């Protein structure tokens, strides 16, 4: 189904190749988020041109709109959105935690209120898998319970127990139904908050069930960066060496580099795409908020060191104008640049790992990245 | 500066070539509207790929945002927006009529209230030309007074007199200042409402001043289609044969074909781009509103006879989903298709004129176009 090969290691950092029926993924990789069957503002051709070898789809969102049964009827998510490469679908677990209103949570699953029309939605491990089978993703995720941090040890203990029970049921369900586009891989999710021994316990539970890959969930949910790095550094190296390791919903450029150093292979985050639409742009010298007055007459490129088509063809003044005038092209050019920045980062990291100079690369990147003035204080969080 | 050559005629319909310092335009041509320095939702590369050989910029809008002086400082509109082909800028006359609140109108010019921030803006023929020189467009337009129809004969008489006086001052002004990117052509605008003799009088006034091309303004402003065609059919053939003829702000596919039949060479309209963003899409069998329920599970292309990338790669169901979810990609795919439809229409018309079968082409196109169910009643006018 999927096959993972390690190509090189430097410390805990890894370069690998993940073969899937839909295409080959060179790790470490960043996965752009395509919530509703589109990486916002981009065509699939652009996403491919940017070097994204796998994208994300959101089970919860697609279940609501346009509906996973409709997508199955139309041949699955790949065909529906005209993306033939690998797709990873999440389980809906994170949206239960972050977006929908939780009405009921018990052993069987959850009842939530849709953020779109207020209707009641029941989500169980079996339903989540059935939806993901209707979508026909390359990699499915188990439904898990994600906690906000800080959380008490007792809460975390309960959440890993529930997550383990749901993981077992997810695996069983995955062996019953069938995906619209053939066989699908399934990843388990390690919870455990910031308690290292509970993280280990959650990992052991997942290993006992056995998955095609393993993810770290429940990070970037309120804890400090250092806390997140401490957990990732502790647990990632203990995860199976021969299976892909995925740090869910993380993060900013520094988070990616620290994650890679800890031994993570896969990342996803809405940050490059969402920030782009809010004028917050990544450059080699830190984030800038292109809406600011200082760029009004700035004829220079967004990032003089970037070779993306936005930086090659447009000035900061033009990007600022497009943002101020709420022009769609502004969101396009910004999104293209931010994704290029993220995908270049992981590509360069991979190259460095293979060349045995990842730590130097990381240090130099961060030195430069943190040297610039981060003027993005005015940035909207929306 | 610019040079126009007639290649073929069929009845009053013409195929020509308009050479400009920024590139060659094959007429009849449709000019996509790039109000604020971007054809909404498209990159310049896409606009070029679509076969648009000239685009429009709006003097009023660009004066307000980001400001024409800023654009001049940054090298002119071509450089600012990364479009090296021809650009025609309007004079602001239509926005005085349609968008801004008119505070004062006299011989000298107008004072209007900005629709953005309520500030007062003075627009005179000289100021309009100065703005267009700052933008550095290929073709400038004279400031004119556009009337809503119906209008009294006395009002129309006053408006053509004012338009003639402003046209003379526009020409004088154009010979004083200088464009940021070198010499610019200037077109005069024929007003006269639905009074054919006043149209002729306005044309005579423009001819006396002498311009590089002539436009018909003040149509599609409240009159019926038949009224508009009657005026165009009357005046277009009387316009100089050796200069380009431009029908301003018109129109739908039928309007373009009737305009071409009347002898018009150039058209512009926000319809393909604006409609696209509101889910109203042009097909060979009429307009459809992709938001409608009937397309929910429709796996077919928007228009089976269209070879644009939207129709080749996406289903009606997907386009409907993108629209309902307010996804930027939906506006992109829809805009691309509608512009492709318009540009194919004028390209085919040109081919037919050269082959001497334009009237057959027009008849067949309209028969098919009007045969489909126009389901766009629900369409938003916004």
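Observations, loosely collected:
- In the set A:109, A:75, A:136, only one residue is surrounded by fewer than 24 Cβ atoms within 10 Å (Cβ to Cβ) and over 27 Å from residue A:202 (Cα atoms); that residue is A:75.
- Only one of the listed residues (B:124, B:89) is more than 16 Å from residue B:36 (Cα to Cα) and either touching a helix residue (DSSP H, G or I) at 6+ places or on another chain (Cβ under 7 Å) or away from chain A (no Cβ under 14 Å) (or both). That residue is B:124.
- Of all residues making up the stretch B:255-273, the number that are touching a helix residue (DSSP H, G or I) at 6+ places or on another chain (Cβ under 6 Å) and surrounded by fewer than 22 Cβ atoms within 10 Å (Cβ to Cβ): 0
- The set of residues in the stretch B:79-100 being closer than 25 Å to residue B:215 by Cα and over 18 Å from the mean Cα position of the chain (by Cα) consists of B:84, B:100.
- All positions within the stretch B:103-118 that are outside any strand (DSSP E or B) and under 20 Å from residue B:160 (Cα atoms): B:107, B:108
- Filtered residues of the stretch A:35-55 (kept if out of contact with any helix residue (DSSP H, G or I) (no Cβ under 7 Å at 6 or more places or on another chain) and either surrounded by fewer than 24 Cβ atoms within 10 Å (Cβ to Cβ) or within 14 Å of another protein chain (Cβ to nearest Cβ) (or both)): A:45, A:47, A:48, A:49, A:53
- So residue B:293, is it surrounded by 23 or more Cβ atoms within 10 Å (Cβ to Cβ) and more than 9 Å from every other protein chain (Cβ to nearest Cβ): no
- When A:215, A:276, A:232 are checked against the criterion of being in a strand (DSSP E or B) and crowded, with 24+ Cβ neighbours inside 10 Å, a single residue qualifies: A:215.
- Flag if residue B:82 is modelled with pLDDT of 95 or more and under 30 Å from residue B:355 (Cα atoms): no
- Taking the listed residues B:192, B:188, B:182, the one that is at negative phi and not in a helix (DSSP H, G or I) is B:188, with no other qualifying.
- Only one of the numbered conditions (1) modelled with pLDDT under 95; (2) within 14 Å of another protein chain (Cβ to nearest Cβ) is not met by residue A:60, and that is (1).
- Hey, residue A:23 within 14 Å of another protein chain (Cβ to nearest Cβ), closer than 18 Å to residue A:78 by Cβ and modelled with pLDDT of 95 or more or not: no
- All positions within the stretch B:72-86 that are in a helix (DSSP H, G or I) and either over 22 Å from residue A:297 (Cβ atoms) or more than 9 Å from every other protein chain (Cβ to nearest Cβ) (or both): B:72, B:77, B:78
- Scanning the stretch A:307-331 for residues that are more than 7 Å from chain B (Cβ to nearest Cβ) and in contact with a helix residue (DSSP H, G or I) (Cβ under 7 Å, 6 or more places away or on another chain) gives A:308, A:309, A:310, A:311, A:316, A:319, A:320, A:323, A:330.
- For residue B:108: the one exception among (1) within 14 Å of chain A (Cβ to nearest Cβ); (2) farther than 23 Å from residue B:185 by Cβ; (3) at pLDDT 95 or above: (1)
- Meets criteria (more than 13 Å from chain A (Cβ to nearest Cβ), surrounded by 22 or more Cβ atoms within 10 Å (Cβ to Cβ) and in contact with a strand residue (DSSP E or B) (Cβ under 7 Å, 6 or more places away or on another chain)) for residue B:248: yes
The values are calculated or read from the model by the stated rules, or taken from the named source; none is laboratory data. Keep in mind that what you see is a predicted model, and the values were worked out from it rather than measured. All Cβ positions, even for glycine, are placed from backbone atoms using ideal geometry, and neighbour counts span all protein chains on display.
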